[in-house]
Every structure is written in C-alpha cells, then in structure tokens.
1. Testing the spin-label approximation: label points 7 Å from Cα along Cα→Cβ at residue 16 and residue 32. State their distance in nm.
2. Angle between the Cα long axis of helix 51-64 and the longest principal axis of the chain, 0 to 90 degrees, nearest 10?
3. Using 0.36 nm times the number of residues separating residue 83 and residue 70, minus their current alpha carbon distance, what extension gain do you get?
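Please treat every number below as a calculation from the coordinates, not as lab data. Just so it is clear, the model here is predicted, and its values are computed rather than measured. Neighbour counts run over all protein chains shown; Cβ positions are idealised from the backbone, glycine included.
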C-alpha cells in the first residue's frame, strides 16, 4: 500500500477509520480508493464539483465534532491534491 493509498482520495479521511472498510463499486465490490462516506455503488455520494466544496464540508464536520481550527486546517490542507480533485 502506497503512502496516499491510506487516505480516501476524495475527502482525505484515513481509510483505516472507515467503519465499512471503503466505498463500493457498482458491482458491490469494495473500492480501494474512496471511503464509504464519499463513494457508494460506483458513484460519489455528493454533488461537489470542486475541492473547495469538500474542504468546507469536512471543516464543518470536524467543527461539529469539536476539532479546533488549527487541526481543521491541518486535516484539510491537502484535499485539493487528492486524486478526485487533480486536474
């Protein structure tokens, strides 16, 4: 497993934290790139078209979970570099 394979390539969540073990492909098999929060049945679970939308979403989720601003920034600063958002 490579350095970046450990993280969802959409939201950046560590894949080890995914309670379902990963997203699912259209055939029901486990997807090894995206987490279950982002990808189900071969489709993204959101309508985001830009990484900034994902950053905002993740920061709000972390804030609701009691995570402070510095950690929210740290956990989201790399999202635009993930495979889903690379152009």
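1. 1.8 nm
2. Taking the Cα atoms of the chain, the angle to 51-64 is about 70 degrees.
3. Numbers: separation 13, 0.36 × 13 = 4.68 nm, distance 2.41 nm.
Going from the current span to full extension adds 2.3 nm.
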